[in-house]
Amino acid sequence: MSLHFLWLSLQKRIGPVAIKKLLEHFSSPRDIYEADYEELIRVKGIGKTTAALLVKSRSLQEAAAVLERCQKHNIKILTCLDAGYPEALHKIPRAPALLYYSGTFPRSGGVVLVGSRKCSVYGKKVACEAASYLAERDVPVISGMAAGIDGYVHTACLKAGGYTMAFLGGGVDTVYPSEHWQLREEIASAGTLVSCFPPGTPAHPGRFPSRNFLMAAWADTLLLVEAGKQSGALLTANYGIALGKKVMAVPGSIYSRQSVGTNALLNRGVAAYCNPKQLTANELSLSGIEEKGSLLINAGAEQIIGDHKKEENLPKNASCDQGPGLLPGTSRKRSSVENKILQLLENSSLSMDQLALHFKNDRLSFLEALTMLEIDGLLERLPGGMISLAKS
Amino acid sequence: MASIINSFAISGVNGYLVEVEIKTIEGKPSVTIVGLGDASVKEASERLQASLNEAGYEFPKIKVVINLAPGNIKKSGSHFDLSMALGLLLQSEQITIQDPEQLHTTGFLGELSLNGAIKACRGVLPMVEAARSAGLKKIIVPRENLKEAQLVKGVDVLGFSELHEVVAYLSSEKEYVWVPKQEQMPSSGSSEKTGDDFKDVVGQDALMQYIVVAAAGGHNMLMIGSPGCGKSMVARRIPSILPTMSEEESLEVTKIYSIAGLLQNSDSLILERPFRAPHHNASTNSLAGGGTRAIPGEITLAHNGVLFLDEIAEFSKKSLETLRQPMEDNYITISRVNQTNTYPCRFMLVAAMNPCPCGYYGASKCHCSDYKVLQYRQKISGPIMDRMDIQKNLQPVNFLDLPDQAEGFSSAELREKVELARAVQRSRFAGIPGVNCNAQMSPAQIKEFCPLDNEIMEILRKAYERFHYSARTYHKFIKLARTLADLEGSKQIRRRDMAAALLARDLERDRAGMMVV
């Protein structure tokens with residue numbers, strides 16, 4: 001049966017809508033394959049050209065080749081006739097009728113996290129945080145396996161032991177971009193790779209919109225992490241809005257090029273993402289947003305909330321600014337050099353050399369203090385080697 | 001009877017005695033040179049005919065056979081010309097020598113010009129050394145090579161610039177007089193300093209500490225930094241803090257440069273440690289050595305000095321992998337059809353690279369994803385990375401941030417420290433062959449020379465937990481700590497030494513913080 005379905009899906013002029021119409025009319029794909037011209041044009045929505053084309057291209061050779069390739073690379077096929085075909089896709093006529101997947105059986109629903117390929121450190125942080133949050137709650141994390149945000153989303157989800165699905169703009173057996181080959185393997189073993197293109201189809205920007213549509217159709221919720229002016233991720237969000245999904249965007253700096261798209265989306269009335277809890281909440285106005293929202297809305301209560309916050313933070317701060325006291329979790333006394341390092345890093349992150357300028361006379365003591373502070377987890381290394389105080 | 005004149009040839013970095021035998025036989029006029037000479041040796045016959053003629057002698061119009069004994073080793077070079085010419089003149093009885101015994105204890109080197117002048121040739125230093133070890137008393141060299149030849153003590157070196165001068169000297173018509181040019185007075189070993197000094201490097205104090213460690217312990221080093229942050233500037237100055245070369249080392253280096261024809265300042269030994277910085281599109285053979293005559297490559301030219309590979313990620317993988325074996329063995333054997341040579345190559349490897357494809361990793365303008373960065377860094381294979389004990393990030397220095405009185409440490413100051421640490425290591429490794437510095441210690445030796453107390457072990461354990469270092473870095477940290485302790489003259493590795501050593505592998509730290517599968 002799947003061979004005939006495959007044949008149908010490979011026909012150039014017949015899209016998902018037509019396929020579904022044909023399937024409504026005929027009892028099986030095999031009947032469509034064997035139907036003659038007169039029978040075909042009787043189907044509503046099938047024109048003369050399409051019918052003629054179907055009759056003319058009555059050969060299973062190509063479909064057999066694709067099927068063989070699928071079997072060779074352990075790629076499985078999911079059609080709209082199968083039981084596991086997601087309910088969400090059934091509702092959308094334009095959703096592909098046949099999907100290729102590799103890895104575990106695709107779970108329906110989930111949250112799409114997408115963003116630009118050239119992302120900022122901020123975007124990376126938001127994406128990773130959201131992905132691991134979802135992973136811990138066993139929500140399928142969906143993205144497009146592109147460079148940048150997409151890659152981080154999958155990686156963070158896998159690292160947190162979650163289930164992730166990658167929707168590809170090429171065949172399931174292709175790797176794009178090339179640096180993600182290892183990530184692809186990991187997703188194939190712990191998650192699912194999904195594509196509406198037959199195996200071997202190279203990834204191409206022209207195919208990304210249909211991939212984006214499929215992603216938007218599959219998920220319940222979409223989060224746009226970062227997007228430039230003409231980002232493909234923006235397209236995904238737009239599809240999500242059009243399909244009536246819950247769409248959110250991460251607010252960014254108005255000067256950041258990577259946030260132009262997200263901020264524009266927010267302007268159009270899309271919900272602002274401030275907290276991972278929003279991703280799993282049923283209604284947009286639930287807990288996560290309220291906490292922060294109340295600060296603005298109930299301006300009168302600011303005083304009280306402010307004081308409350310301060311109190312809450314007090315023990316945390318105290319452990320950091322205690323001066324020459326005991327380090328948390330250790331019984332070691334902090335040396336004067338260590339204190340000076342902490343003091344220097346209070347307001348800005350510095351490189352090791354910039355710090356060293358203040359310890360001209362005893363560099364070895366300085367290095368020793370730096371190591372000890374790092375071992376105790378009080379310092380953090382930023383990409384490129386800058387040192388800052390550890391957060392939290 | 002054939003005339004026999006002593007000359008020399010080069011094999012690897014060493015010279016050996018070659019007897020140039022010349023015999024004239026009745027027959028059709030011709031010149032035959034045998035003894036596995038290459039094209040430059042064979043062409044000597046044409047040069048001989050012209051230069052003898054020009055110098056006022058007659059080229060014998062009979063059959064001439066010239067043999068370079070031993071005849072089973074391939075030889076090359078144009079420096080046999082002088083000995084061939086003299087042999088021919090003796091054989092054809094155009095000159096007579098008062099004291100034939102004198103001829104047997106004299107060696108000859110020099111290429112002849114068509115005008116009868118004697119021209120400079122390469123490899124003079126090792127050949128004069130060969131003359132001394134062969135027991136010769138005197139050696140005649142081209143005047144231009146005189147200074148170089150005089151570096152070898154214990155043999156009389158005479159320099160001539162014309163063929164007829166040599167003949168006049170041999171036939172005792174004229175005494176040998178050496179008229180040194182005024183400016184060529186034997187300089188008392190003061191080689192030209194390049195003028196690179198670490199004083200110019202300001203605001204990179206933490207890095208300097210590790211550079212001193214690298215120099216003191218012979219540790220290879222990788223610097224990672226954005227374009228223009230001073231990687232090359234730092235690398236170029238490393239030779240200035242390496243300990244001064246011993247006379248033996250100087251001689252080794254000078255010999256190599258003599259063979260490579262790179263001895264520009266030919267009147268003294270090379271006293272400064274070599275600094276070689278091949279470009280990243282250098283071929284494998286130009287790095288390792290090769291060519292038809294198996295000549296030394298960059299790694300041999302960097303012997304006793306620093307080999308600096310800028311943009312190491314751009315070098316071809318094959319070229320880099322070639323370095324692995326020689327770095328272990330400290331010598332390289334190059335086999336070609338014509339010859340097989342073994343050259344020394346004990347160098348300190350200093351490499352530099354950008355942190356990511358765009359070069360500005362960590363800056364806001366860098367959009368390289370972690371996968372991309374890692375892919376870029378993986379261009380340098382594990383085994384090569386494994387040989388880099390120190391990997392340090394370099395940040396561009398903002399001069400406006402520096403205090404006014406900021407001044408770097410002078411090279412002389414740093415060198416003093418390095419020398420001290422090296423002296424400690426020399427006495428530690430005395431009697432252990434193949435180990436000169438901490439970097440070369442084997443695991444067994446690490447156990448012997450680097451005992452660690454419980455406090456240090458605890459720090460190591462914690463650091464591995466937090467920094468996610470791989471297990472094979474363990475010995476590297478101990479070796480580095482050993483050098484840090486040596487620099488301060490401490491017998492024991494102290495907590496501070498180990499703590500500082502643990503900051504020496506920035507690349508690995510980066511790796512641990514990356515969001516990759």
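Only the coordinates and a few stated rules stand behind these numbers; no lab work does. Note that the structure is a prediction, hence the values are computed from the model and not measured. For neighbour counting, all protein chains shown are included, and Cβ atoms are generated from backbone atoms with ideal geometry for every residue, glycine included.
Roughly speaking, what % of Cα-Cα pairs in region A:78-174 are separated by over 19 Å, rounded to a whole number? For region A:78-174, the fraction of Cα-Cα distances above 19 Å is 44 percent. Note on B:GLU458 and A:ARG257: with the Förster distance fixed at 51 Å, the Cβ-Cβ geometry gives a FRET efficiency of about 0.60. By the beta-carbon count within 10 Å of each Cβ, the least crowded to most crowded order of B:THR24, A:THR280, fewest first, is A:THR280, B:THR24. Taking other C-beta atoms within 10 angstrom as a stand-in for reagent exposure, A:TYR122, B:TYR371 fall in the order A:TYR122, B:TYR371, fewest first. Sort out for me the Cα centre separation of region B:96-166 from region B:377-436, rounded to whole Å. So the separation of the two Cα centres works out to 44 Å. Scan chain A and report its longest stretch carrying no GluC sites (Glu not before Pro) that are both in a DSSP loop and have at most 15 other Cβ atoms within 10 Å. Free of exposed loop sites, the longest segment is A:1-282. Which longest uninterrupted range of chain B lacks any trypsin sites (Lys or Arg not before Pro) assigned by DSSP to a loop state (not H, G, I, E or B) and surrounded by at most 11 other Cβ atoms within 10 Å? Longest stretch, sites excluded: B:194-364. Computed from the alpha carbon atoms alone, the convex hull of region A:336-389 holds 68 Å³ per residue. Based on the Kirkwood approach, the hydrodynamic radius assigned to chain A is 24.2 Å, with every pair of different Cα atoms included.
Taking every DSSP beta bridge that has both ends in chain A, the antiparallel portion is near 40%.
All C-alpha to C-alpha distances of region A:111-293, sorted into 10 Å bins beginning at zero, yield P(r) values of 11, 42, 37, 9, 1 percent in whole numbers. For region A:176-198 versus region B:239-254, the inter-centroid distance based on Cα atoms is 55 Å. Between B:GLU321 and B:ASP401, the modelled labels are 4.0 nm apart [label points 7 Å from Cα along Cα→Cβ].
Pairs of Cα atoms nearer than 8 Å and 6+ residues apart set the relative contact order; for chain A it is 10 percent.
Here is how the number arises for chain A: DSSP H runs of 4 or more residues each give -39500 (n - 2.57), the sum is divided by the residue count, and the result at 222 nm is -13500 deg cm²/dmol. Exposure proxy shown here: for A:PHE366, A:PHE26, the number of other Cβ atoms within 10 Å sets the order, fewest to most, as A:PHE26, A:PHE366. Note on B:GLU101 and B:GLU328: with the Förster distance fixed at 56 Å, the Cβ-Cβ geometry gives a FRET efficiency of about 0.65. Strictly over 22 Å apart at the Cα level, which of A:LYS360/B:LYS392; A:LYS124/B:LYS462; B:LYS417/B:LYS447; A:LYS91/A:LYS245; A:LYS277/B:LYS365 would you flag in this model? Correct reply: A:LYS124/B:LYS462; B:LYS417/B:LYS447; A:LYS277/B:LYS365. Under the simplified labelling scheme, the A:LEU3-A:SER59 pair shows an inter-label distance of 1.6 nm, with each label point 7 Å from Cα along Cα→Cβ.
Structural descriptor for region A:336-389: relative contact order 47 percent, calculated from alpha carbon pairs under 8 angstrom and at least 6 residues apart. If the segment from A:GLU38 to A:CYS274 were pulled out straight at 0.36 nm per residue, it would be longer than the present Cα-Cα gap by 79.2 nm. From most to least packed by mean Cβ count within 10 Å, the peptides A:164-173, A:48-57 give A:164-173, A:48-57.
The GluC sites (Glu not before Pro) of region B:16-125 that meet both conditions, a loop assignment by DSSP and at most 13 other Cβ atoms within 10 Å of the site Cβ, are B:GLU26, B:GLU58, B:GLU93. Counting, for every residue in B:488-497, the Cβ atoms of other protein chains within 10 Å of its Cβ and taking the mean gives 2. Under the simplified labelling scheme, the A:SER336-B:LEU262 pair shows an inter-label distance of 5.1 nm, with each label point 7 Å from Cα along Cα→Cβ. For B:GLU416 and B:SER172, the FRET efficiency from 1/(1 + (r/R0)^6), where r spans their Cβ atoms and R0 equals 56 Å, is about 0.55. Counting, for every residue in B:359-372, the Cβ atoms of other protein chains within 10 Å of its Cβ and taking the mean gives 6.
Cross-link partners for B:LYS147 among the lysines, with Cα-Cα distance under 20 Å and sequence neighbours closer than 8 places in the same chain left out: B:LYS119, B:LYS137, B:LYS138, B:LYS181, B:LYS193, B:LYS255.
Calculated on C-alpha atoms, the gyration radius of chain B divided by its Kirkwood radius gives an Rg/Rh of 1.08. Judged by a Cβ-Cβ distance under 4.7 Å, the unpaired cysteines of chain B are B:CYS121, B:CYS229, B:CYS345, B:CYS358, B:CYS366, B:CYS437, B:CYS450.
Each principal axis of the Cα cloud of the protein assembly as shown was taken in turn, and the coordinate range along them, longest first, works out to 120, 83, 47 Å.
Backbone amide hydrogens, once placed in the peptide plane, bring B:VAL306 within less than 5 Å of B:PHE275, B:ARG276, B:MET348, excluding anything fewer than 5 places away on its chain.
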